[in-house]
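**Student:** The structure's right below; bear with me while I get my questions together.
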Amino acid sequence: MSSASGVVRSGDETAPQDVPIVRTRAAVWGDRLAMHLEAGRVRLNGVQVTDLDTPAPEGTRIVIAGS
């Protein structure tokens, strides 16, 4: 879900079990993922992610801004 401010949050919605979330898709970044999230650099399709449990289905793109 994207808010009016352009920040992606999962809110009270729960993703279906078969839809991956940012946390699982970005696991390759290991401990650095939390650092990048805290610094506001994690993006899902260009929108800042604030919750690693945000749904990130196939076809979406997760990037670290500024890298």
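The values are calculated or read from the model by the stated rules, or taken from the named source; none is laboratory data. Just so we're clear, the structure is a prediction, and the values are computed from it rather than from any experiment. For neighbour counting, all protein chains shown are included, and Cβ atoms are generated from backbone atoms with ideal geometry for every residue, glycine included. Accessible surface is based on the protein model in full, side chains and every heavy atom, while ligands, DNA and RNA are left aside. Shrake-Rupley method; radii C 1.70, N 1.55, O 1.52, S 1.80 Å.
**Student:** Within segment 42-57, how many residues are open to solvent by 40 Å² or more (accessible area, probe 1.4 Å) and without any contact (Cβ under 8 Å) to a residue 40 or more places away in the chain?
**Tutor:** Total meeting the criteria: 4.
**Student:** Further question: Six or more apart or on different chains, Cβ atoms under 7 Å: show the pairs whose first residue is in segment 18-36 and over 11 Å from L52 (Cβ atoms) and whose second is open to solvent by less than 90 Å² (accessible area, probe 1.4 Å) and in a loop (DSSP other than H, G, I, E, B).
**Tutor:** Close Cβ pairs satisfying both conditions: V19/P57; P20/A56; P20/P57.
**Student:** Can you tell me how many residues within segment 20-32 are open to solvent by less than 70 Å² (accessible area, probe 1.4 Å) and either β-branched (V, I, T) or closer than 15 Å to G66 by Cβ (or both)?
**Tutor:** Going through segment 20-32, the residues open to solvent by less than 70 Å² (accessible area, probe 1.4 Å) turn out to be 20-22, 26-27, 29-30.
Now narrow it down to the ones that are either β-branched (V, I, T) or closer than 15 Å to G66 by Cβ (or both): 21-22, 29.
Residues flagged as open to solvent by less than 70 Å² (accessible area, probe 1.4 Å) and either β-branched (V, I, T) or closer than 15 Å to G66 by Cβ (or both) within segment 20-32 amount to 3.
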